[in-house]
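Below you'll find the structure, written out as structure tokens, and then a few comments.
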Amino acid sequence: MLAGLSPGAPAWAAGSELRRISLVPEATRTEVVLELSAPARHRFFILENPRRAVVDLRAVRFAAGGRAPAGEGLATSVRIGPQANGDLRVVVELPRGTPARLRQPGGERAARLVIELGAPAPAPSSTTAAADAAPAAAGRTANVAVRAAHAPAENGREIVVAIDAGHGGPDPGAIGRAGTYEKTVVLDIARELAARINREPGMRAVLTRDGDYFLTLRQRMNRARAAKADMFVSVHADAVRDPGVSGGSVYVLSEKGATDEQSRWLAERENAADLKGGVSLDDKDRMLASVLLDLSQSASISASMQAAERVLRAMGRVSEVRKPAVQQAGFVVLKSPDIPSMLVETAFISNPGDEQMLRREDRRRALAEAIFRGVHSYFGTHPPEGTRFANERKSPPVAAARIDR
Ligand SMILES: [Zn+2]
């Protein structure tokens, strides 16, 4: 029953840390997401009576103060315990007969493991995801290594930013005249942005997708919520029939209709992503969402607006922006009532100049840096309670060692 024993590789970190376990329950399946500070060798197997999915992580310790999450969905309970041999064992108890498998979505050098319970993921084969992630893997590992040097968390928790690369898998998003896929360039920007955030002390990024696979809009929101995100940033590239239209825009959710016709049209198109993937939000979800929205959306829209304005301003310094103001529209993906959320249309992929820009790594990095600057600036003045940002504001450290650039 042994599966997923990783081959030895010199790059494995000597001592990795299990930083977080989160559960993502959905209708017919549940994901248990293990986030490590660095890739670790591991062993996955199933035990019976009661049925348990077990992962042994080689030479991994559990982050200080970390707790196992309460059982949810198909994960009846989760236990974590160090073994005598230095391994860390994660045990997930399941209902009898529940299928379970281990995936490493970012490839074997990724620091994230996912135990899938129940129905298989709607994603295509993991080989696609692994191949897709390979070029970024080295960079990510390096980021993790840099961050470990300044990661002590005793002066407050990290601000978590969920970064959502739009589209994916069978849904390519918009396609440029030179054949550039929106789903590809926005994933590159999202990864760049995540790496930048992870280099910043007191901040941590979570990617909703880290490969070329399909997620429903609800799955994207669920992943952000499971990660207890303080902000949700969805990254896209716009398209219209007129190739002369260019520049980026930033959107937040509107409670009452779209800012203008163009915004409404765009929201309809982005929302239709769920239909392309063969899944749509059911009516019950819509109704539940609208009730939740009425209760608590206003506060987060105003926070979203303030953060979005800073991102738009920062983008304006590195590339063209289409309109000087943040736009509002009814994007489904932004409807997380309690998480300030924005949708960044980085440029018009339908414009040849913008498309060429999106194909350039240095320009994508500049866009990611601009989004980072906007988000960072917002949290600098609006740090969530209990975070390192909030605590350092109250009592500035004598000399904060900065290893990042
Ligand atoms: Zn899009």
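Below are the figures for this structure:
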read-out	value
The stretch 213-243, residues that are within 14 Å of the ligand (Cβ to nearest atom) and aliphatic (A, V, I, L, M)	Leu215, Leu217, Val233, Val235, Ala237, Ala239, Val240
Residue list for the stretch 336-367, filter: within 14 Å of Leu253 (Cα to Cα), touching a residue at least 60 places away in the same chain (Cβ under 8 Å) and either away from the ligand (no atom under 16 Å from the Cβ) or out of contact with any helix residue (DSSP H, G or I) (no Cβ under 8 Å at 6 or more places or on another chain) (or both)	Ser336, Ile339, Pro340
Every residue from the stretch 27-65 that is assigned to a loop (DSSP other than H, G, I, E, B) and open to solvent by 30 Å² or more (accessible area, probe 1.4 Å)	Ala27, Thr28, Arg41, Glu48, Asn49, Pro50, Arg51, Arg58, Ala59, Ala64, Gly65
Among the candidates Val206, Val185, residue that is of a type in the set (A, V, I, L, M, F, W, C) and open to solvent by 10 Å² or more (accessible area, probe 1.4 Å)	Val206
Conditions (1) part of a loop (DSSP other than H, G, I, E, B); (2) out of contact with any Asp or Glu (no Cβ under 9 Å at 6 or more places or on another chain): number failed by Pro384	(2)
Looking only at the stretch 330-343, and only at residues there that are under 20 Å from Leu312 (Cβ atoms) and surrounded by fewer than 24 Cβ atoms within 10 Å (Cβ to Cβ), the one that is modelled with the lowest pLDDT	Gly330
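The values are calculated or read from the model by the stated rules, or taken from the named source; none is laboratory data. Since the model is a prediction, treat every value here as computed from it, not as a measurement. Heads up, the Cβs are rebuilt from the backbone with ideal geometry, glycines too, and the neighbour counts pull from every protein chain shown. The area values use the complete protein model at the heavy-atom level, side chains included, leaving out ligands, DNA and RNA. Shrake-Rupley method; radii C 1.70, N 1.55, O 1.52, S 1.80 Å.
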